[in-house]
Amino acid sequence: MLLKKDEKFNPIDDVMFTKMAEDPRFCEEIIRVILGKPELCVVEVRPQDQVTNLKGRSVRLDVLCRLADGTLVNVEVQKYSDEDHEKRVRYYGSLLTAEHTPKGSSFTDVVNVCVIYIAKFDIFLDGRSVYHVDRIVRETGKVVYNGMEEVYVNAEARDGTEVAELMQVFTEGPVYNDKFPVTSGLKKLYRDGDDEMIYTLSDKLREEGRDKERARIVLNMLESGISAEQIVKLTGIDQSTVAAIKNNLQVQQ
């Protein structure tokens with residue numbers, strides 16, 4: 001059965017976002033709007049970029065972009081509010097910093113990283129469309145910068161800002177906006193494209209939903225102290241899937 005377009009085919013959905021992020025123009029358009037920097041230039045995009053940590057948890061990013069000045073921008077979309085989002089952003093930024101800073105380089109040359117976290121809910125509950133989280137000297141209130149930037153977007157906000165208008169395109173059915181021609185054009189293409197394209201995306205979304213649900217069940221059971229062997233017996237999920245989740249070999253949120 002085909003998924004309802006109004007429910008699933010929007011840029012806030014992982015598969016739709018990943019498909020749109022294959023186009024550097026889309027990434028450039030949304031990053032310019034969210035960061036308020038109309039002059040920035042995206043020179044490279046890597047949708048679903050895998051960042052491997054041999055000693056700990058690996059992650060798969062929704063999209064990693066490199067700007068003309070060398071800054072790495074990771075854009076994530078998140079529909080669910082069932083995890084520690086700030087720690088996730090911190091972890092993603094630290095992995096990118098470690099992976100993309102050359103061995104033997106000076107600390108002055110440590111790569112600049114920005115994580116843009118687009119959530120379909122208000123993480124900080126203050127009704128704003130954008131939250132910039134800065135490092136601040138407690139004693140003086142002075143903002144200091146170490147090359148790491150965190151920007152959280154509340155896709156529910158309708159506060160009249162340009163970001164809120166962009167998020168309306170991201171989340172609301174057949175809504176388009178001429179201010180964002182690339183985002184609107186790609187959204188229309190993938191929402192209203194030929195039947196074969198729609199069915200392909202639909203299948204990917206369904207499979208993605210099943211994978212996420214399995215991962216969530218296994219993680220909850222593991223955190224409750226249930227062994228991997230018991231989980232296999234109780235859920236019918238194959239042993240290799242349970243082992244992969246348990247060992248955090250590959251994470252796709």
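Values in this text are rule-based calculations from the coordinates and carry no lab data. Treat the numbers as computed from the prediction; the structure is a model and nothing was measured. Cβ placement follows ideal geometry from the backbone for every residue including glycine, while neighbour counts extend to all protein chains displayed.
The packing ranking, built from the mean of other Cβ atoms within 10 Å per residue, places the peptides 142-148, 11-17 in the order 11-17, 142-148, highest first. Among the listed pairs Lys37/Lys188; Lys19/Lys79; Lys120/Lys188, those with a Cα-Cα distance over 22 Å are Lys37/Lys188.
How big is the Cα convex hull of the stretch 109-154 in projection, averaged over all directions, in nm²? Averaged projected hull area, Cα only: 4.0 nm². Result for the chain in a Gaussian network model with C-alpha springs under 10 Å: among Tyr152, Tyr131, Tyr80, the largest mean-square fluctuation is at Tyr80. Which one, Leu234, Leu64, Leu166, has the greatest fluctuation when you compute a Gaussian network model over the chain with C-alpha springs under 10 angstrom? Between Leu234, Leu64, Leu166, it is Leu234 that shows the largest mean-square fluctuation. Working note: Cα atoms of the stretch 1-133, range along each principal axis, descending, whole Å: 53, 35, 35. Helical content of the chain, expressed as a calculated mean residue ellipticity at 222 nm, amounts to -13000 deg cm²/dmol (DSSP H runs of 4 or more residues, -39,500 (n - 2.57) each, divided by residue number, nearest 500). With the simple spin-label model, which puts each label point 7 Å out from Cα in the Cβ direction, the His100 to His132 separation comes to 1.9 nm. With a simple spin-label model that places each label point 7 Å from the Cα along the Cα-to-Cβ direction, the separation between Arg214 and Tyr80 comes to 1.4 nm.
Annotation for the stretch 52-100 versus the stretch 152-166: alpha-carbon center distance of 22 Å. Averaging the sequence gap over all C-alpha pairs within less than 8 Å and six or more residues apart, then dividing by the number of residues, gives the stretch 5-193 a relative contact order of 22 percent. Under a Gaussian network description of the chain, with springs only between Cα atoms under 10 Å, the residue in Thr241, Thr108, Thr140 that fluctuates furthest is Thr140. Close amide H pairs (under 5 Å, H built 1.01 Å from N) link Val130 with Asn154, residues at least 5 positions away or on another chain.
Phi-derived couplings, Karplus 6.51 cos²θ - 1.76 cosθ + 1.60 at θ = phi - 60°, listed residue by residue for the stretch 174-190: x, 9, 10, 8, 5, 5, 10, x, 6, 4, 5, x, 5, 4, 4, 4, 7 Hz, with x used for Gly and Pro. Shape analysis of the chain based on the Cα gyration tensor places the equivalent ellipsoid semi-axes at 29, 27, 18 Å, largest first.
Ranked by how many other Cβ atoms sit within 10 Å of their own Cβ, fewest first, the residues Phe124, Phe26 fall in the order Phe124, Phe26.
Converting phi to 3J(HN,Hα) with the Karplus coefficients 6.51, -1.76 and 1.60 and the offset θ = phi - 60°, the stretch 37-53 yields 10, x, 8, 5, 10, 8, 10, 7, 10, 9, x, 6, 6, 8, 10, 9, 10 Hz in sequence order, with x at every glycine or proline.
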